[in-house]
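Have a look at the structure below, then the notes.
Bear in mind these aren't lab numbers, they're just calculated from the coordinates by the rules spelled out. On a predicted model such as this, the values are computed, not experimentally measured, just so you know. Reconstructed Cβ throughout: ideal geometry from the backbone, glycine too, with neighbour counts over all protein chains shown.
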Ligand SMILES: [Zn+2]
């Protein structure tokens, strides 16, 4: 019985491959050390606070780095206003792979650092910038390594990686005025003005704070509201890789993050992979919005868990279904046992 079962499995796999020309492709190996190096490099610029030389230099480095892996890199410059009315210049950086493919997946993370550590235990730090090793650089580090992998073997779908700016310029904790929609200024801009007119994608994945040791990602409420099938897809891929410890079965409250605006305005179902736990004081890791969000909080293994999950999702996507071929697949003769 076992022998027959294995034979059947082997033959049916071969048959599927032969009848699905746009099927699964081999997944390149995510290199945890390389991803960590990309986080470290960002941190070495200093806090990437909009309007600072560190921010400008890091944006330049992203473009140069991404251009090693794809010629299709676009910088979307935009103007925005902070919660207190100050004008801000933002840069969303978009790298596309397989840019002529209609079926696409969107990956994103914010790259800016928060200008104020307003949740630091020491009030003296409340107007000092956050380094953003985890809150910013970790998600981008994973996506840069994903970009490198994408250059090694194309998946069946096109992929757009968007490094979003101005996520973390939201109202200071002491601010008494209006603060609605003061977070995610880069995603708000992009979702209303996509880099290509009429742009859409099958779905999106946002990474935010994906670098801490032992990070656990809940099925986050906003993602479940707008994109439950995307959450299921990501969590199934993670479990298949043995990462159930990091991708928890529990649900969390709803968060305001870049995915909210991509869901609301661009109407692309997008899920957030974020280190969040309702039972913590802020919900976020202890270093969140403190001067302690530094490179020593970053764990290579967590970066790899997230990166490998994202790659499994992307390379698990099948290309567009060709109705003619699908019809032939149904009539493929079955092995007689
Ligand atoms: Zn933040």
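In degrees between 0 and 90, to the nearest 10, how far off the longest principal axis of the chain does helix 228-240 point, with axes built from Cα atoms?
70 degrees
For each of 75, 146, count neighbouring Cβ atoms within 10 Å of the residue's Cβ, then give the residues from fewest to most.
Numbers: 75 15, 146 26.
Ascending number of Cβ neighbours within 10 Å: 75, 146.
Per DSSP helix of 4 or more residues, -39500 (n - 2.57); summed, then divided by the residues of the chain. What does that give at 222 nm, rounded to the nearest 500?
Details: 10 runs with 114 residues, N = 337.
Only helices count here, giving -10500 deg cm²/dmol.
By counting other Cβ atoms within 10 Å of each Cβ, how are 314, 205 ranked from fewest to most?
Numbers: 314 22, 205 27.
Listing 314, 205 from fewest to most nearby Cβ atoms yields 314, 205.
Starting from the 7 Å offset along Cα-to-Cβ, what nm value, one decimal, do you get for the label separation of residue 64 and residue 181?
3.7 nm
How much length, in nm to one decimal, is gained on full extension between residue 318 and residue 152, taken as 0.36 nm per residue of separation minus their Cα-Cα distance? Let's see the in-between values first.
Details: separation 166, 0.36 × 166 = 59.76 nm, distance 1.80 nm.
That pair, residue 318 and residue 152, stretches by 58.0 nm at full extension.
So which residue, out of 45, 116, 203, gets the largest mean-square fluctuation from a GNM of the chain using Cα contacts under 10 Å as springs?
Largest GNM mean-square fluctuation: 45.
Which angle between 0 and 90 degrees, to the nearest 10, do you get for helix 2-19 versus the longest principal axis of the chain when only C-alpha atoms count?
Result, in degrees: 70.
Give me the number: length gained by fully extending residue 193 to residue 264, i.e. 0.36 nm times residue separation minus the C-alpha to C-alpha distance, one decimal in nm. Write out the running numbers ahead of the final one.
Details: separation 71, 0.36 × 71 = 25.56 nm, distance 1.31 nm.
That works out to 24.3 nm of additional length.
Which of the peptides 246-256, 159-169, 56-66, 288-298 is most tightly packed, and how do the rest follow, judged by the mean count of other Cβ atoms within 10 Å per residue?
Numbers: 246-256: 15.5, 159-169: 27.2, 56-66: 17.6, 288-298: 20.2.
With the highest mean Cβ count within 10 Å placed first, the list reads 159-169, 288-298, 56-66, 246-256.
If I model a spin label as a point 7 Å beyond the Cα along the Cα-Cβ vector, how far apart are those points for residue 239 and residue 102 in nm?
Those two pseudo-labels are separated by 3.3 nm.
Quickly rank 235-245, 219-229 as a protection proxy: mean count of other C-beta atoms within 10 Å, highest first. The partial results should precede the final answer.
Values: 235-245: 15.6, 219-229: 18.6.
My ranking of the peptides, most packed first, is 219-229, 235-245.
Please report how far the C-alpha centroid of segment 204-222 lies from that of segment 241-261, rounded to the nearest whole angstrom.
When both Cα centres are located, 5 Å separates them.
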